[in-house]
Amino acid sequence: MTPDRSLIEQLNGTWRDPPGVWGFLTTVDHKRIAARYIVTAILLMFLAGMLALDMRWQLSVPENTRMTPQLFNESFSLHGSTMLFLVSVPLMEAMAFWLVPLMLGARNMAFPRLGAFSFWLYFGGVLTLWIAHAIDVTPDLGWFEYPPLSGPAYSPGHRADIWAQMITFTEVAALAASVNVAATILKMRPPGMTLARMPVFLWAMLIASIMTIFSMPAIMLVTSMLISDRLVSTHFFSVAAGGDAVLFQHLFWFFGHPEVYLIFIPGTGFVSSIVETFSRRQLFGHSVLVLAILSIGALAFGLWVHHMFAVGLPRLGNDFYTAASMAIAVPAGLQIFCWLASIWAGRTWFPTPMLWVLGFLATFVIGGLSGLMTASAALDLQLTDTYFIVAHLHYVLVGGAMFPLFGAFCYWYPKATGRLMSELWGKVAFGLIVGGFNLGFFPMHILGLMGMPRRVYTYSPGMGWETLNQVATAGSAIAVLGGLVFVANALWSYWRGEPSGADPWGGSTLEWASASPPPAWNLAFTPVVASLTPMWNGGGALSVMDGISVGKREVLVTSVTGAGPLYRQKSAAPSVWPLLAALAVSAMFLGSIFTPWAIPIGTLPIAAALIGWFWPNRPRAKIGPLKAMP
């Protein structure tokens with residue numbers, strides 16, 4: 001049903017942000033918040049990629065003097081911390097922020113102000129790490145900061161403290177975002193979208209959010225314990241004082257291994273949406289795909305110790321974690337077979353988003369097979385400190401998460417901008433990135449088998465590693481060039497691209513029912529869902545319901561399992577309080593690097609900001625009936 005002009009004007013007046021800088025600072029529009037996440041993370045990806053290319057240049061020849069050992073350690077630490085904590089997970093959260101309300105036919109997230117708060121706090125973590133780099137106090141102990149090297153005895157100054165507080169910034173932001181996404185999916189689905197009718201994308205984002213809620217407290221706890229050791233002389237990780245340095249690794253990897261799947265599982269949602277649209281058929285084995293994601297989410301919490309096979313833990317435990325590490329390959333393999341079956345049995349065509357799916361399938365399989373190899377404790381003991389692990393890590397993270405993300409960017413770009421990206425330059429970027437990535441990282445498997453250790457800034461001549469390192473460096477440069485082409489294509493298409501219309505791909509899910517780009521209110525009416533593919537059923541006419549106010553910010557709340565309408569809920573208006581709360585929390589986090597008094601003193605401005613945030617200033621929306629529309 002098409003809304004008339006007067007209805008659109010009312011909705012625009014209700015949902016628009018204030019103009020100018022004030023609107024920028026106070027917006028709670030999920031699309032604007034997601035766009036900020038994406039732009040920030042892409043800029044950081046470029047900076048981290050330049051660091052990686054610089055390190056590869058250093059290793060391209062033996063005894064290179066381009067980088068000192070200290071500079072190499074700083075570059076390695078900054079690259080890894082940025083990519084894992086400030087790019088990978090936040091980008092997945094950003095895609096959820098942008099797409100989940102649209103895919104639910106909702107007008108905003110469940111907690112709009114919490115979404116704004118999560119971005120501002122994430123941005124505080126970005127500034128903490130990169131301003132520290134600008135003033136030459138870059139963390140230099142890797143992206144993991146193991147004690148005792150990160151303890152006060154071996155790491156004076158504040159480099160380790162800055163890393164630990166950057167983690168706290170980003171993980172609190174991630175928890176806030178995940179609670180928001182999970183609540184939105186569970187309680188704001190449109191009428192008729194039962195759990196069985198949820199698209200795989202929504203299942204993936206829901207499971208990733210729940211995993212975040214359970215795993216993030218571990219890394220926040222361990223970094224707080226590290227800061228406590230350094231700041232107030234506790235001894236959680238001091239062996240001489242009765243502490244346990246291995247405890248740090250257990251807590252770190254209890255988060256660290258699920259984090260791999262926090263990045264991969266949203267990628268499965270991207271791939272499922274793309275495959276369904278371009279194979280022109282409902283996904284083969286929808287239930288199998290959902291159960292596979294659930295299985296991966298559960299198993300991911302049971303195999304963190306396979307990162308610690310060289311620590312010296314009991315062998316019986318190693319055997320258990322070897323079995324668990326191999327078991328997780330089963331649901332991952334089921335997903336791949338379901339996607340291949342959908343492609344094989346459908347009327348498939350291959351624009352740029354589908355090429356990224358093919359690149360993902362090939363690359364992730366290679367990473368998965370090398371993961372099965374390192375799941376064996378006996379073999380991992382030989383490979384764990386070599387470049388084989390560097391290759392495996394990047395094949396899993398880049399192939400399993402970044403390639404689907406590139407495909408998702410191309411797929412939903414017309415929805416976000418109203419314009420199509422160039423197919424020619426999209427294919428050029430795909431070829432350069434995928435080809436350069438494999439040329440850059442596959443030789444590292446061989447380097448690892450030849451004994452080249454990781455985390456070294458140079459090596460002696462005559463080791464036989466020179467040629468493969470030069471090939472890897474050339475491949476990395478080609479991949480970076482492809483990334484520049486990709487970004488240039490996106491920017492050029494934003495102003496000059498061909499207009500796309502609302503649904504250029506003929507998608508099956510509800511986000512394609514809105515205009516491109518979507519207005520602030522997303523959809524004028526509440527859709528009613530009767531199948532897994534609502535845009536492909538009903539002869540092109542989407543069933544809708546009326547009853548949500550157009551003169552007030554309201555959203556529909558539905559039941560968890562059956563998605564039956566329950567009541568209308570007031571949706572938060574633009575507010576400066578999320579920004580002020582984030583500033584107060586940031587001040588406490590930063591101050592605690594230097595003095596423990598920052599924590600009790602810092603709670604006062606936080607409390608003031610939260611009082612302003614939750615101060616009741618409007619009556620709650622009255623519950624009203626919903627009416628079916630013809």
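Read the figures in this text as sums done on the coordinates, not as results from a lab. Being a predicted model, the structure only gives us computed values, none of them experimental. With ideal geometry, Cβ positions are generated from the backbone for all residues, glycine too; neighbour counts draw on all protein chains shown.
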#### Entry: Translational diffusion of segment 259-335, µm² s⁻¹ [Kirkwood Rh, Cα pairs; Stokes-Einstein; 37 °C; 0.692 mPa s]
236
#### Entry: Dipole of segment 386-520 [Lys/Arg +1, Asp/Glu -1 at C-beta], most positive-end residue of Gly507, Ile389, Pro518
Ile389
### Query
So what is the diffusion coefficient of segment 454-565 in µm² per second by Stokes-Einstein at 37 °C and 0.692 mPa s, using a Kirkwood Rh over Cα pairs?
167
### Query
Which value in deg cm²/dmol, rounded to the nearest 500, describes the helix-derived mean residue ellipticity at 222 nm for the chain, given -39,500 (n - 2.57) per DSSP H run of n ≥ 4 and division by the residue count?
-21000 deg cm²/dmol
### Query
Relative contact order (percent) for segment 102-239, with alpha-carbon contacts under 8 angstrom and 6 or more residues of separation?
33
### Query
Could you put Glu276, Glu259, Glu466 in order, starting from the residue whose Cβ has the fewest other Cβ atoms within 10 Å?
Glu466, Glu259, Glu276
### Lys/Arg +1, Asp/Glu -1 at C-beta; the chain dipole; positive extreme among Ala541, Ala292, Ile207
Ala541
### Task
Measure nothing fancy, just the Cα-based angle from helix 387-397's long axis to the longest principal axis of the chain, in degrees from 0 to 90, nearest 10.
0
### Query
What Kirkwood hydrodynamic radius, in Å, does segment 99-233 give when the mean of 1/r is taken over all pairs of distinct Cα atoms and then inverted?
16.7
### Task
Round to a whole angstrom and tell me the spacing of the C-alpha centers of segment 1-55 and segment 64-125.
15
## Note on the structure
From the Cα centre of segment 412-489 to that of segment 367-391, the distance in Å is 21
### Query
Where in segment 1-35 are there trypsin sites (Lys or Arg not before Pro) that are in a DSSP coil and have at most 11 other Cβ atoms within 10 angstrom of their Cβ?
none
### Query
For segment 81-92, what does the Karplus curve 6.51 cos²θ - 1.76 cosθ + 1.60, with θ = phi - 60°, yield as ³J(HN,Hα) per residue in whole Hz, taken in order and with x for Gly and Pro?
5, 5, 5, 7, 9, 10, 10, 4, 5, x, 5, 5
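Only Lys, Arg, Asp and Glu count, each charged at its Cβ (+1, +1, -1, -1), so figure out the dipole size of the chain about its Cα centre, rounded to 20 debye.
Roughly 1960 debye for the chain.
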### Task
With a ≥ b ≥ c taken as the square roots of the eigenvalues of the C-alpha gyration tensor of segment 329-369, please select rounded if a/c is under 1.5 and otherwise prolate if a/b is larger than b/c or oblate if it is not?
oblate
### Message
Can you give the Rg/Rh ratio of segment 433-480, where Rg is from the C-alpha atoms and Rh is the Kirkwood radius?
### Response
0.99
### Task
Over all directions, average the projected area of the Cα convex hull of segment 72-162 and note it in nm².
6.9
## Note on the structure
Here the Kirkwood hydrodynamic radius of segment 396-500, Cα-based and in Å, equals 15.4
#### Entry: Order of Leu355, Leu372, Leu556 under a 10 Å beta carbon neighbour criterion, fewest first
Leu372, Leu355, Leu556
### Message
Could you tell me the ratio Rg/Rh of segment 106-147? Both radii from Cα atoms, Rh via Kirkwood.
### Response
1.23
### Burial ordering of Met421, Met45, fewest other beta-carbon atoms within 10 Å first
Met45, Met421
### Message
Kirkwood hydrodynamic radius, computed over distinct alpha-carbon pairs, for segment 202-289: how many Å, to one decimal?
### Response
15.5
#### Entry: Cα convex hull volume per residue for the chain (Å³)
153
### Query
Hey, if you put +1 on the Cβ of every Lys and Arg and -1 on every Asp and Glu Cβ in the chain, which of Pro18, Phe406, Ala164 ends up farthest toward the positive end of that dipole?
Pro18
### Task
Find out how many positive minus negative residues lie around Thr223, taking Lys and Arg as positive, Asp and Glu as negative, among other residues whose Cβ is under 13 Å from that of Thr223.
-3
### Query
Given +1 on the Cβ of Lys and Arg, -1 on the Cβ of Asp and Glu, and no further charges, what dipole in debye does segment 1-114 carry about its Cα centre, rounded to the nearest 20?
240
### Query
Using a ≥ b ≥ c from the Cα gyration tensor of segment 329-476 (square roots of the eigenvalues), is it rounded, prolate or oblate, where a/c under 1.5 gives rounded and otherwise the larger of a/b and b/c decides, a/b for prolate?
oblate
### Query
Could you give the angle, 0 to 90 degrees to the nearest 10, between helix 466-496's Cα long axis and the longest principal axis of the Cα atoms of the chain?
20
